[in-house]
Amino acid sequence: MAALLDLQDDKRTNPLACPPDFMDPDALFQELIRTIQFYHPSDDLELIRRAYMTAKNAHMDQKRKSGEPYIIHPVCVAIILAQLELDKETIIAGLLHDVVEDTILTDSQIRRVFGDDVALLVDGVTKLTQITWTTDKMDIQAENLRKMFLAMAKDIRVILIKLADRLHNMRTLQHMKPEKQKEKARETLEIYAPIADRLGISRIKVELDDLSLKYLQPEIYKEIREKTRERTEADEAYIEGIVKEVQGIIDEAEIKGTVYGRQKHAFSIYKKMVAQEKTFDQIYDLFAVRILVESVKDCYAALGVIHEHFTPVPGRFKDYIAMPKPNMYQSLHTTLIYHGGQPFEIQIRTYEMHRTAEYGIAAHWKYKESGGSSEGVTTGSEDAKMSWLRQILEWQRDAADNKEFLADIKSELSLFSDTVYCFTPTGDVKDLPMGSTPIDFAYAIHSAVGNRMVGARVNGKLVNIDYQLKNGDRIEIITSQNTKGPSRDWLNIVKSTQAKNKINQWFKSLLKEENINRGKELILAYCRSKGLDWSEINKTEYQEKVLRRYAMRDWDTVLATIGHGGLKEGQVVNKMNEEHRKDVQKQISDETVLANIPDSTGKTPEVAVRKSGNGIVVKGVHDLAVRFSMCCAPVPGDEIVGFVTRGRGISIHRTDCVNIIALPEAERTRLIPAEWQAEENEDTKYRTEIRIIAKNRVGLFVDISKVFTERGIDMLSINTRTSKQGIATVNLTFDVGGVEELKSLFEKIRQIDNVMEIERSAG
């Protein structure tokens, strides 16, 4: 219906287009080129084409969960960025954003071909790879967010790429498992949609909201969509009548402007249902009328003539032009009563305000008419948009752990929290979460003001410190130099994350000495309970390892954190003890072993290897522990040789190991003859690895597994791959008693159809 279309003659105000599934990648790339040329007609797109071919080749053999070629995803991300009319470097980074994380391409290769800017952007959206899978999921999420926020501080385009990446992933979330759908949708609703809102990019924020609701509350989402469609169809003539009448009023007042109807999106309706505790049928303003005019003067003029014709609803007028939202959104909002008593909302803004609402911070990185991208200098409004990011970076430094950091982020970015606007005595505006108190206001001015606060006046009258601030309140904070500081009870009163963090920070600083002493006591008590000598492991070099592990500034901070419960003493002691053991082992290995090779007679002692309850041990050279090398995995019956390593004792290799064969002449002095010693326990098993090469066929792996099952051999790890020529390579790791058992196993596997070759790993 015409009345509900967002300016049909302006493609840029429509929702971001979504290409169809399973589209040919090359055709999709041509769609990207057309999108770029829509706002920047240029023939100089060679670097973008080169980025596409680089990404396509790098992701050649990869598939998405849907079965589509993986390259579809980065191209769709680049199209979203192009729909936001972003610069060339951002679009190139969008095409390459997964290559470092998921392919063999490196950061240095990206930097060499596409430049420093693109490499910085790609690195900013690349997840941390050094986190192990034993790490808690919350820690992984928090560490990746920390990295992303730091990268955003360097270049805001990082988050624009990340938002486009998340939007396309949400569009294709139907291919994921239900539990993964909910996990991604919740993260999107708590983190990414609010970030898009803070940056003022409503074109992305609105779609992320609705897609999150679709997977988190599927029944409610379906009901809202169906009932909205029914209501819209029923009220089509009614809505068109309002739009037509409002357009007539504007024209009659000789105000140049465009009027159109805008249907509210599903999440906006759901949010109103939750906030007002209403059912869908009790929500009447499902659409809004929007008026776009040339100037701010015209905005207020249009408001005046509209209020002359329709009765405004008391308390429902908001002037976001005089007092913009934190994301610099500007508009006049008013709710009116139509002729039949039905309420409807009107939003009035300039065309420039509309562009800012649609693109937000992304508008700063649009192509300029001259052909180049804009300079990286932020304006005052853009700097204001980023003030919340500076707060997040501060919390990141102050947060005791990842759990606290995530809680702060989610609280600060909550989509369900509204804002209240108050004034300082000098007329400066402070925006705070709804429900904030004078304490929140004091800390919004400065932490020193909050710490010295003893009272407050609101609109000239003394109020209690738990008074809830209202829009337009004028706040004066009363301070005193004699105050002892904030009370712990304030933590139960304040609403803003900033105030809570500043109060906690004050108490941590005040009690730091006490916490340091308690931390020392806890460490000593733990060492006594474990029979450890604290004086042996309390070395500066081990302390530095702990500081790096937990990103602490100094050792006193570690002790204080242990003292107030932010870190377990066992984690710290065990880390330091582990480093101490490594040093002891290294000292024995290098000094003691090498001192005995060769011995005083000039002969190199032989080493007999056996398996004991405590692992591999050496007889003949101070009973030092040795280990079997993983490169060739020797088993009883193999010809073996010992190699004195630097820092890890003696490693035992097969004599045909490629690492031994290729050993430089200078290193051969470290070789020491070794032989197998008869085992007291004949059931001892030794780990080995083999490679089977075969022509691939259905049932091949089943037949291989059957051979192992019949012999009671447990396969510890399996890795398979098949070449384009249909040749399957199967790498198997398992335990055997010796060479004879291995030979018997080889003979049986060779009898399997299509098996071409079997070989042991030799380094």
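Accessible area ranking (1.4 Å probe, heavy atoms, ligands and nucleic acids excluded), largest first, for GLU254, GLU345, GLU207: GLU254, GLU207, GLU345. With R₀ set to 35 Å, the beta-carbon distance separating ARG549 from LYS177 gives a calculated FRET efficiency near 0.55. When both the stretch 688-743 and the stretch 227-278 are represented by their alpha-carbon centers, they are found 66 Å apart. Couplings for the stretch 345-351, taken from phi via the Karplus curve 6.51 cos²θ - 1.76 cosθ + 1.60 with θ = phi - 60°, read 9, 10, 10, 10, 8, 7, 4 Hz in order; Gly and Pro are left as x. Taking the centroid of alpha carbons for each part, the stretch 452-484 and the stretch 322-352 are 32 Å apart. Surface listing: PHE22, PHE701 arranged by accessible area from highest to lowest gives PHE22, PHE701, probe 1.4 Å. Neighbours of ALA78, meaning other residues whose beta-carbon lies under 11 angstrom from its beta-carbon, give a summed charge of -1 when Lys and Arg score +1 and Asp and Glu score -1.
In this structure, LYS539 and PHE22 have a Cβ-Cβ separation that, at R0 = 45 Å, corresponds to a calculated FRET efficiency of about 0.15. Derived scalar couplings between HN and Hα for the stretch 176-182 equal 8, 5, x, 5, 6, 4, 5 Hz in order, rounded to whole Hz, by the Karplus curve 6.51 cos²θ - 1.76 cosθ + 1.60 (θ = phi - 60°), x for Gly and Pro. The heavy atoms of ARG231 offer some 60 square angstrom of accessible surface to a 1.4 angstrom probe. Which of the residue pairs LYS162/LYS325; LYS318/LYS500; LYS214/LYS264 have a Cα-Cα distance greater than 20 Å in the structure shown? In this structure, LYS162/LYS325; LYS318/LYS500 exceed 20 Å between Cα atoms. The listed peptides 539-547, 298-306, ordered by packing as a protection proxy, come out as 298-306, 539-547 (highest mean of other Cβ atoms within 10 Å first).
As a test of the definition: which semi-axes, in Å, follow for the stretch 698-763 when you take the square root of five times each eigenvalue of its alpha carbon gyration tensor? Largest first, please. If you can, show how the numbers build up before the last one.
Values: eigenvalues 78, 37, 29 Å².
Rounded to whole Å, the semi-axes are 20, 14, 12.
Annotation: amide H-H contacts under 5 Å for VAL494 (H modelled 1.01 Å from N, sequence separation of 5 or more, or interchain): none.
The Cβ shell under 12 Å around ILE493 holds other residues with a net charge of 0, Lys and Arg each +1, Asp and Glu each -1. Taking the 1.4 Å solvent-accessible surface of the stretch 193-255 as the whole, the part contributed by carbon and sulfur is 45%. If both residues of a DSSP beta bridge must be in the stretch 222-355, then about 75% of such bridges are antiparallel. Net charge around ASP155, counting only other residues with Cβ within less than 11 Å of its Cβ (Lys, Arg = +1; Asp, Glu = -1)? Its environment carries a net charge of -2. Phi angles of the stretch 269-279 translate, via the Karplus equation with coefficients 6.51, -1.76, 1.60 and θ = phi - 60°, into HN-Hα couplings of 5, 4, 4, 5, 4, 5, 5, 9, 6, 10, 7 Hz per residue; Gly and Pro are given as x. Oblate is the label for the stretch 223-330, because a/c, from the alpha-carbon gyration tensor with a ≥ b ≥ c as root eigenvalues, is 1.5 or above and a/b does not exceed b/c. Close amide H pairs (under 5 Å, H built 1.01 Å from N) link GLN347 with VAL289, ARG290, ILE291, residues at least 5 positions away or on another chain.
Across LYS568, LYS743, the residue with the most accessible area heads the list, and the full order at a 1.4 Å probe is LYS568, LYS743. Please label the shape of the stretch 146-304 as rounded, prolate or oblate, based on the square roots a ≥ b ≥ c of the eigenvalues of the alpha-carbon gyration tensor (a/c under 1.5 means rounded; beyond that, a/b larger than b/c means prolate, else oblate). Because a/c hits 1.5 or more and a/b fails to exceed b/c, the stretch 146-304 counts as oblate. Of the Cα atoms belonging to the stretch 261-314, the radius of gyration and Dmax stand at 14.5, 39 Å.
Computed across the stretch 432-540, the Kirkwood radius stands at 16.3 Å (inverse of mean 1/r, all Cα pairs). For the stretch 644-763, the square roots a ≥ b ≥ c of the C-alpha gyration tensor eigenvalues yield an a/c of 1.5 or more together with a/b not exceeding b/c, which makes the shape oblate. Taking the accessible area of the stretch 668-763, probe 1.4 Å, and keeping the other protein chains in place, the carbon and sulfur fraction comes to 45%.
The values are calculated or read from the model by the stated rules, or taken from the named source; none is laboratory data. Treat the numbers as computed from the prediction; the structure is a model and nothing was measured. Cβ coordinates were reconstructed from backbone atoms using ideal geometry, including for glycine residues, and neighbour counts include every protein chain displayed. Keep in mind that these areas ignore ligands, DNA and RNA; they rest on the heavy atoms of the full protein, side chains included. Shrake-Rupley method; radii C 1.70, N 1.55, O 1.52, S 1.80 Å.
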